[in-house]
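In what follows, a structure is listed as structure tokens, so that the remarks can point back to it.
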Amino acid sequence: MDTRISKIKSLKTKMVSRKENNEVVLIPVVNDVADMKEIFILNEVAAHIWENIDNYNTYDDIINDVANNFNVDKSQAGSDITEFLNEFEN
């Protein structure tokens with residue numbers, strides 16, 4: 001499994017999320033308290049990835065899913081996915 005995917009799966013348990021229209025707002029939780037200094041706002045594609053992260057094992061799984069669900073070519077999907085995954089590297 002891609003280490004970035006594993007990291008996001010583990011982060012998912014440390015964040016609360018709220019869906020608003022086509023966006024998802026993520027708020028980290030530290031010691032049972034929301035850390036309002038670092039909030040993530042996910043667009044529709046990023047929200048889809050976040051909501052479905054448990055279904056992916058590889059980068060290609062995400063590319064195929066995004067390309068199919070959002071009618072974009074795999075190259076564009078790959079670029080967008082890399083940007084999304086890199087947001088969680090720090």
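Every number here is computed from the coordinates shown, using simple stated rules; none is lab data. All figures in this text were calculated on a predicted structure; none of them were measured in a lab. With ideal geometry, Cβ positions are generated from the backbone for all residues, glycine too; neighbour counts draw on all protein chains shown.
For segment 66-90, the set of residues classified as assigned to a helix (DSSP H, G or I) and under 12 Å from the mean Cα position of the chain (by Cα) consists of Val66, Asp80, Ile81, Thr82, Glu83, Phe84, Leu85, Asn86, Glu87, listed by residue number. Taken over segment 2-14, the criterion of being in contact (Cβ under 8 Å) with a residue 24 or more places away in the chain and either at positive phi or of a type in the set (Gly, Ala, Ser) (or both) is satisfied by no residue. State yes or no: is Asp2 loosely packed, with under 13 Cβ neighbours inside 10 Å and acidic (Asp, Glu)? The answer is no for Asp2.
In segment 15-65, how many residues are assigned to a loop (DSSP other than H, G, I, E, B), surrounded by 12 or more Cβ atoms within 10 Å (Cβ to Cβ) and either among the basic types (Lys, Arg) or touching a residue at least 40 places away in the same chain (Cβ under 8 Å) (or both)? Adding up the residues that qualify gives 2.
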